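Working notes for the structure below.
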Amino acid sequence: MKLMKIQLHNQTEEDIKDIKTLLQKIFKPINQEKNMQIIFLKQEAIHQMNMTYRKIDRPTDVLSFINDDVDDDSIGDIFISIEQARLQADDYGHSFEREIGFLAVHGYLHLLGHDHHTDEEEKLMIQEQERILKNANLERN
């Protein structure tokens, strides 16, 4: 079993030490040959990316970009807004850790090709997200 390496890049002023520990806990049991990058952005930066790549003029929580280079050892990049994660944790009434974990797993599953365009796809993606989060003790309240 090969452990996936996660490279974290912090483009905010936030201390991400606890987030790094959390992500290691979540992804450690996952058997994945390739690595991935998670980039934490400020709200303005993810807003701009959402506009540029999705033509949606507002901030978002997470964006994923698959790496199409089969010779590369990375499955892709996940961009997460820490500020948006905090807002959503409050809105949904669960912990910041649960929200960051959810967003990272959601982005990871998109990198693997999962999607939620149909009810069936969404059901399968949610089941896989919850399975991974449950293993890390990050279940819904």
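Key figures for this structure:
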quantity: Single match in L138, L87, L103, L124 (criterion: in contact (Cβ under 8 Å) with a residue 60 or more places away in the chain and either in a helix (DSSP H, G or I) or within 16 Å of the chain's Cα centre (by Cα) (or both)); calculated: L138
quantity: Pair list, Cβ under 9 Å, 6 or more apart: segment 5-30 residue of a type in the set (F, W, Y), other residue in a loop (DSSP other than H, G, I, E, B); calculated: F27/M4; F27/A136
quantity: Of residues in segment 1-15 being closer than 18 Å to N35 by Cβ and open to solvent by less than 90 Å² (accessible area, probe 1.4 Å), the one farthest from the chain's Cα centre (by Cα); calculated: K2
quantity: Residue list for segment 43-61, restricted to those being outside any helix (DSSP H, G or I), buried (at least 16 other Cβ atoms within 10 Å of the Cβ) and not charged (D, E, K, R); calculated: P59, T60
quantity: Some residue of segment 66-79 being surrounded by 16 or more Cβ atoms within 10 Å (Cβ to Cβ), more than 20 Å from N31 (Cα to Cα) and at pLDDT 95 or above; calculated: yes
quantity: Residue count for segment 90-100, restricted to those that are surrounded by 13 or more Cβ atoms within 10 Å (Cβ to Cβ) and either under 15 Å from the mean Cα position of the chain (by Cα) or of a type in the set (S, T, Y) (or both); calculated: 6
quantity: Segment 26-42: number of residues that are more than 22 Å from D69 (Cα to Cα), open to solvent by 20 Å² or more (accessible area, probe 1.4 Å) and at pLDDT 95 or above; calculated: 1
quantity: Pairs with Cβ under 8 Å, 6+ apart, first in segment 54-74 and among the basic types (K, R), second in a loop (DSSP other than H, G, I, E, B); calculated: R54/T60
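The values are calculated or read from the model by the stated rules, or taken from the named source; none is laboratory data. What you see is a predicted model; the values in this text were computed from it and never measured. Virtual Cβ from ideal backbone geometry, glycine too; neighbours counted across all protein chains shown. Side chains are part of the model used for accessible areas, which takes the heavy atoms of the whole protein and leaves out ligands, DNA and RNA. Shrake-Rupley method; radii C 1.70, N 1.55, O 1.52, S 1.80 Å.
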